[in-house]
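This report concerns only the one structure given below.
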Amino acid sequence: MTDTINITVPRKRRDGISAAAPSARVRKPVNGRTFNRVAAVVLVIFSVIWLIPSLFALKTALTDNGTAAIGASAILSDWNPTLYSFSTLLGSGDIWNWYLSSAITSVVTSALTVLLASMAAYALSRLKFRGSNLVMLLIVLGIMIPGQVLIVPIFQELNALGLLNTYWSVIFPQVPAVIAVFIFKQFFDSIPRELEEAAVIDGAGTWRIYWSLIMPLSRPVIAAVTILTFVGVWNNLLLPLYVLSNPDLMTIPVGLATVQGSFGQRYADIQAGAILAALPLVILYLIFQRQIVEGVTGSGLKG
């Protein structure tokens, strides 16, 4: 018969300091795969929320006007799609004039905005002159002023200059974009000054440095400002509505407003016009989405 030997291991005693100290908590590392799954679910939810109104607008545009006037339930239950609304708008000829007017005003405004805003931003970023801080302060304050407040003074100025019912009445008021100056300045501040110093040693002047050195380095932010300005001018309704009364010069938003006013309850035609108006912007964004993201997030709006 064997004797059992019990061995008692003494517990480690904690002194006063160790007893008062809180026990260490082991933090589990965040699983990257779990985070990616959660982010994917959130993106899918937001995508569905964004797509539902767009899909409903497309379904309405493919529905007969009589059915669309009944309500949403009739639109969703109708399974006889028709292109009558699209053919009516495209065959009338007015929408092509709207496209042309919107294209002219958007392209010219974007080009002038990029040129003048980049020049102003380069002066604020690189040229030291008296009052530069005050000018920058006024530019920042200008961002906070809504454009609707200035519509009456702009109308009076254009009327005094005799520019009403011209493309310039839509272009000139939208060229001074303070947000474009701010974006360009933020990007120019991030460019190393050593590049300019080397160019000065080689004999380059201020204009040569701006045009041949700074602007080629600013292609991402140029693309971003161009696309954002183009979209803003294309979608602008208030200014063209006030300064244009000639039907041949109406832009897309103004033309759609006249369609809504004349068609009344013809919701299918209205939705078809809205889709045709937004289609060029969707195509433009799909083509230049990389430049937009790089220009805004990578350079233009960083602090």
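The values are calculated or read from the model by the stated rules, or taken from the named source; none is laboratory data. Keep in mind that what you see is a predicted model, and the values were worked out from it rather than measured. Methodologically, a virtual Cβ is constructed for each residue, glycine included, from the backbone with ideal geometry; neighbour enumeration extends over all protein chains shown. The protein model used for the area step is the full one, side chains on, heavy atoms only, and it has no ligands, DNA or RNA in it. Shrake-Rupley method; radii C 1.70, N 1.55, O 1.52, S 1.80 Å.
Determine, yes or no, whether Ile183 is within 15 Å of Thr109 (Cβ to Cβ), surrounded by 19 or more Cβ atoms within 10 Å (Cβ to Cβ) and of a type outside the set (Ser, Thr, Tyr).
Answer is no for this residue.
Are there any pairs with C-beta distances below 6 angstrom linking a residue in the range 222-239 that is within 12 Å of Ile171 (Cβ to Cβ) to a residue that is surrounded by fewer than 23 Cβ atoms within 10 Å (Cβ to Cβ) and among the polar types (S, T, N, Q), with the two at least 6 apart or on different chains, and if so which?
Qualifying pairs under 6 Å: Val233/Gln174.
Need pairs with beta-carbon distance below 8 Å; first residue modelled with pLDDT of 75 or more and within the range 280-297, second open to solvent by 80 Å² or more (accessible area, probe 1.4 Å) and part of a helix (DSSP H, G or I); sequence gap 6+ or separate chains.
Leu281/Asn235
Given the condition closer than 29 Å to Pro280 by Cβ and either assigned to a helix (DSSP H, G or I) or within 26 Å of the chain's Cα centre (by Cα) (or both), answer yes or no: does some residue in the range 192-207 qualify?
For the range 192-207, residues closer than 29 Å to Pro280 by Cβ and either assigned to a helix (DSSP H, G or I) or within 26 Å of the chain's Cα centre (by Cα) (or both): absent.
What number of residues in the range 230-245 are open to solvent by 20 Å² or more (accessible area, probe 1.4 Å) and under 30 Å from Arg126 (Cβ atoms)?
The total comes to 3.
Do we find a residue being open to solvent by 50 Å² or more (accessible area, probe 1.4 Å) and closer than 23 Å to Val178 by Cβ anywhere in the range 217-226? Steps first, please.
First, the residues of the range 217-226 that are open to solvent by 50 Å² or more (accessible area, probe 1.4 Å): 217, 219.
Subset that is closer than 23 Å to Val178 by Cβ: 217, 219.
Yes, the conditions are met somewhere in the range 217-226.
Where in the range 77-169 are there helices (runs of 4 or more DSSP H), lying fully within it, with 2 or more residues that are within 23 Å of the chain's Cα centre (by Cα) and in contact (Cβ under 8 Å) with a residue 24 or more places away in the chain?
94-126, 132-143
Is there any pair linking a residue in the range 251-267 that is of a type in the set (D, E, K, R) and crowded, with 16+ Cβ neighbours inside 10 Å to one that is modelled with pLDDT of 65 or more and not in a helix (DSSP H, G or I), with Cβ under 8 Å and at least six apart or on different chains, and which?
Arg266/Ala69
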